[in-house]
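A quick write-up on the structure given underneath.
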Amino acid sequence: MKYVEEVLQPGETVLFVSTIHWLTYAPALLLLIAAIVTAFWSAGGNEFVWRGISLVCFAAALLSGARAWFKRWTTEIAVTDRRIIYKRGFIRRHTIEMNMEKVESVDVNQSLLGRVFGYGDVLVRGTGVGFEPLQMIESPIELRNAVTAR
């Protein structure tokens, strides 16, 4: 069961759900491409060195991909009709919740690549305190609209 489903209050409905953008896999994909390229180069001279580099790149790609998958899998962001819920972590869980009445503004910061691929950083500011910046969030404009359109 997802964390958001566990903490919903009676009568509370989920308006929007998001997570970390799929582009978090980019370093793993680049390392995998490097592993493939160096594997092809190993057919030429210095075969042992290029195969070693290829194996190191492949192992790093696997580790980076597993880390990105785990981070994306354990991060939940939800907007309900009453509050904003952010959860990350698996065993050591970190959660932040803010009542909608306490929200002052929602800042969205998108780079050029963020605009193209649909991700960005979101900062929810509340009265007296704010959320930590939510980085590389999928569909940040929709998240902002779900919070501000109440």
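Express in whole angstrom the spacing between the alpha-carbon centres of the stretch 28-84 and the stretch 133-150.
First find each Cα centre; the distance between them is then 28 Å.
Regarding the chain, what is the average projected area of its C-alpha convex hull, in nm²? If you can, show how the numbers build up before the last one.
Details: hull surface 45.1 nm².
Projected area, direction-averaged: 11.3 nm².
Readers should treat all values here as calculations from the given coordinates under stated rules, not as data from a laboratory. Note that the structure is predicted; figures quoted are calculated from it, not measured.
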